[in-house]
Amino acid sequence: MEQTIIGKHIDKKDSEENKLPEKQKIEEKKLKLTRRDFLKGIFATTLGFAFLEKKINDFQRKPLLVDNTGKRNVEASISGEEGVISSELQTAFEQFIGDMYFSGKLEFDERTAWLAYDLIRKEPLVSINADIPMQCASMVKPFVALAFFHKVNKGELEYTDQSKRYLRLMIQHSWNTATNWFMKQVGGFDKVNELLYDNYPDIFQHTEIVEYIPNGGLTYKNKASAGDYNRFLIALWNKTIPYADDIKTIMGLPNRDRSGDVLPETDIFHKSGSTARMCGDIAILETKCDDGTLSAYTFIGIIERDDSAQAYMRWKRIRVGVIKDASTIIYDAMKKKYGFG
């Protein structure tokens, strides 16, 4: 008897809800946040905080900055600013990132940056948060190599057998001791930062090298944007920086790459980085097409958080998987675009 009464009570409530005025139903529907609106909210919040952080950082490091007046259009054409790219690939990529948040593979308090650039046609493919400085981890190491080779090219340092061995250890095996050794050869981490800004302002616009890599590899303070990585990789590929072939060769040695599902004939030149607060990868991927031409593009993926992940290895494994899947999306688009595989 009690179940019948309860049942009637529920039916009555449902009936009353069905009789709600049409206007009230419409208003209630407006309150429901759609999946796409929620994703837009995440990106907007990320950009808002990042913009404020960038302004503060720009003010703090102003003495080291050169005048960037007139470079905005160059930056947009090279790295792709937020809102510049409108394509099916960009839309599909944004949808993928949204899926990663909603599936739990990315947490809502984690920030991401993504950039892919076609080196042959000189056009951006995907760009999300490209100009926001994020933690470097070991991805700062090719920048340190450039600072060292700049000094070598000027005749101020020598490229000895020891430095050749340390370069391989720094890039291929990500040995932090070698990284700090190179920084000290240049004159310290602050001199590395100053040298890059003074001599390569067309590349380095959102980079901050403010510390040696501490014992244990817990480096959280050095930062760079996806746009800076991209401009560096473009210069590396075009050989417009000193000893580009040497840096690229070392970046092409076998190690823990995060480039996703690629064909065996694809050459990968990359540097990854991971801490308990950051996971990322920067790469150039080259493939000989079926018609004999070359396909080449850059890919940058960065995931960062403010606090250290509790289960670091599990957290890292999942984020590496996200970066690999993201890279595969770009790779598949390039296969279709250039006709290889």
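The values are calculated or read from the model by the stated rules, or taken from the named source; none is laboratory data. Everything numeric in this text was worked out from a predicted model, so none of it was measured. Glycine gets a Cβ as well: all are built from the backbone with ideal geometry, and neighbour counts include every protein chain shown. To get the accessible areas, we keep the full protein, side chains included, count just its heavy atoms, and leave off ligands, DNA and RNA. Shrake-Rupley method; radii C 1.70, N 1.55, O 1.52, S 1.80 Å.
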Exactly one of PHE143, PHE182, PHE148 is closer than 30 Å to ILE97 by Cα, open to solvent by less than 10 Å² (accessible area, probe 1.4 Å) and over 13 Å from the mean Cα position of the chain (by Cα), and that residue is PHE143
Conditions (1) open to solvent by less than 10 Å² (accessible area, probe 1.4 Å); (2) modelled with pLDDT of 95 or more -> TYR312 fails only (1)
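The rows are residues; the columns are (1) part of a strand (DSSP E or B); (2) open to solvent by 10 Å² or more (accessible area, probe 1.4 Å); (3) of a type in the set (Ser, Thr, Tyr).
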| position | (1), (2), (3) |
| --- | --- |
| ASP281 | yes, no, no |
| ILE284 | yes, no, no |
| ASP290 | no, yes, no |
| SER295 | yes, no, yes |
| VAL320 | no, yes, no |
| ASP325 | no, yes, no |
| TYR331 | no, no, yes |
Contact list, first residue from segment 305-326 and under 17 Å from MET134 (Cα atoms), second anywhere and part of a helix (DSSP H, G or I) and open to solvent by less than 70 Å² (accessible area, probe 1.4 Å), beta-carbon distance below 6 Å, six or more apart or interchain, is ALA309/TRP315
Exercise for the section: State whether the residues of segment 117-128 include one that is touching a Phe, Trp or Tyr at 6+ places or on another chain (Cβ under 6 Å) and either free of Cβ contacts under 8 Å to residues at least 24 places away in the same chain or open to solvent by 20 Å² or more (accessible area, probe 1.4 Å) (or both). Expected result: yes
Among helices (runs of 4 or more DSSP H) entirely inside segment 120-231, those with 3 or more residues being of a type outside the set (Phe, Trp, Tyr), under 28 Å from ILE330 (Cα atoms) and at pLDDT 95 or above are 141-153
